[in-house]
Amino acid sequence: MRLGISGHQDISPVVVAYVRPILIRLINEQKANVVGVSSLAVGADQLFATLILEHGGSLHAIIPCLGYELTFVEPDSLKQFRSLFARANRVDTLPYPRPSEEAFLNAGYQVVDNSELLIAVWDGKLAGKGGTADVVKYARDNNRQVRVVWPPGVFR
């Protein structure tokens, strides 16, 4: 089973505490050969990718562009990205020369196209182009399964 992820980058400890056990359950419900598809972004992507690897799955990284590492502002997030990137079984880098909304949007589309189920760590609100709202819409428009995970009553 191929599980894709799209989600907010700025998730609070409250959101992580709610989302983590649900992600683990979704991963463990798969019988074998779980592949996590992720762009390894800060927040939901890195949490999901870490859990996939911790629970015996493999990782397929969709990197939006060249110079993607420049988008990681915090040293710990960059370190986590590099660690996950090194552990990915497959890495696809999209042919964009630099970070852009278009590159992020198309990376989200590639996550959907390479997944059987999209997990969205998402509060349901619109964001900028290439955000989770766009990715969820694309998944739904293409008849993909989508599972939205967000704690009730929590706002970003």
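Some observations on this one:
- Note on Arg25 and Arg147: their simple-model spin labels are 0.9 nm apart, each label 7 Å out from Cα toward Cβ.
- Less than 5 angstrom separates the built amide H of His8 from those of Ala44, Val121, all sequence-distant by 5 or more or on a different chain.
- When you work out D = kT/(6 pi eta Rh) for segment 1-134 at 10 °C and 1.306 mPa s, using the Kirkwood radius from C-alpha pairs as Rh and the Stokes-Einstein form, the result is 108 µm²/s.
- Computed per residue of the chain from DSSP H runs no shorter than four, each worth -39500 (n - 2.57), the mean residue ellipticity at 222 nm is -12500 deg cm²/dmol.
- Lysines with Cα under 18 Å of Lys129, excluding same-chain neighbours fewer than 8 positions away: Lys137
- Counting only residues at least eight positions apart within a chain, or on another chain, the aspartates and glutamates with an alpha carbon under 15 Å from that of Lys79 are Asp45, Glu69.
- Whole-number percent relative contact order across segment 2-149, with pairs defined as alpha carbons under 8 Å at least 6 apart: 28 percent
- Peptides 118-125, 20-27 ranked from most to least packed, by the mean per-residue count of other Cβ atoms within 10 Å: 118-125, 20-27.
Every number in this text was worked out from the coordinates using simple rules, so none of it is lab data. Given the structure is predicted, the values throughout are model-derived calculations rather than measurements. All Cβ positions, glycine included, derive from the backbone under ideal geometry; neighbour counts span all protein chains shown.
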